[in-house]
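First comes the structure, then the notes that go with it.
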Amino acid sequence: MPIFMLFAGFMELFDLKKKLLEACFHEVDQRAASLRRVMEEAQQSANEYGQPKDRYDSYRTQLLRKRDMFGQQLQKILEQRHILEKVNTEKRCPVVEFGALVDTGDQIVFVSVGLGRIEHDGKEYFVISPAVPFYIAMEGKSAGETFDFRGKSLRINQIA
């Protein structure tokens, strides 16, 4: 394959990395907004209900616990956003590491935070955290190398 074709393919992958990062920010921001709405609804319901009617009335307490639970989830989402902000889309990753976009042929994986499957421009991508077993299996590998995951041998075609 001519070198310019490899370079063009790499540049496409590099541009895709930037677009996927934007899609990740959008996904995280949507999840955060949804959690904020649910928290506000739980708080409003608790306020409308008023004080407990007697000492066995735990409905308001349940609503406030629900609000706090969603608050904890919101905190985790905000932490994910902070981690995404650390991804440098200008950096070329020579090996599989945090911030890398990895093409295995079967799938394209973006190593950043654990958002799971994301669709972008009609295609499916996987956004994973460095803590998942799939990342651990390919960590430190470079393009052209293979790794085993769940009894299957996978090849790293490109890394951006």
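The values are calculated or read from the model by the stated rules, or taken from the named source; none is laboratory data. Computed from a predicted model, the values in this text were never measured in an experiment. Positions of Cβ are generated from backbone atoms using ideal geometry, with glycine treated the same way; all protein chains shown enter the neighbour counts. Side chains included, ligands, DNA and RNA excluded: accessible areas come from the protein's heavy atoms. Shrake-Rupley method; radii C 1.70, N 1.55, O 1.52, S 1.80 Å.
Structure values in brief
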{"item": "Matching residues in the range 80-103 - criterion: being within 17 Å of E145 (Cα to Cα), free of Cβ contacts under 8 Å to residues at least 60 places away in the same chain and hydrophobic (A, V, I, L, M, F, W, C)", "result": "V102"}
{"item": "Count - residues of the range 148-160 that are in a strand (DSSP E or B) and more than 16 Å from A100 (Cα to Cα)", "result": "5"}
{"item": "Contacts under 9 angstrom Cβ, first residue in the range 129-146 being closer than 24 Å to I118 by Cα and touching a residue at least 24 places away in the same chain (Cβ under 8 Å), partner part of a helix (DSSP H, G or I) and β-branched (V, I, T), 6 or more apart", "result": "P130/I136"}
{"item": "Qualifying residues in the range 112-123 (those that are assigned to a strand (DSSP E or B), farther than 21 Å from Q73 by Cα and without any contact (Cβ under 8 Å) to a residue 40 or more places away in the chain) - the one nearest to the chain's Cα centre (by Cα)", "result": "E119"}
{"item": "Single match in R60, R92, R117 (criterion: modelled with pLDDT of 95 or more and surrounded by fewer than 19 Cβ atoms within 10 Å (Cβ to Cβ))", "result": "R117"}
{"item": "Those residues of the range 124-143 which are outside any helix (DSSP H, G or I) and open to solvent by 40 Å² or more (accessible area, probe 1.4 Å), in sequence order", "result": "E124, F126, P130, A131, V132, E139, G140, K141, A143"}
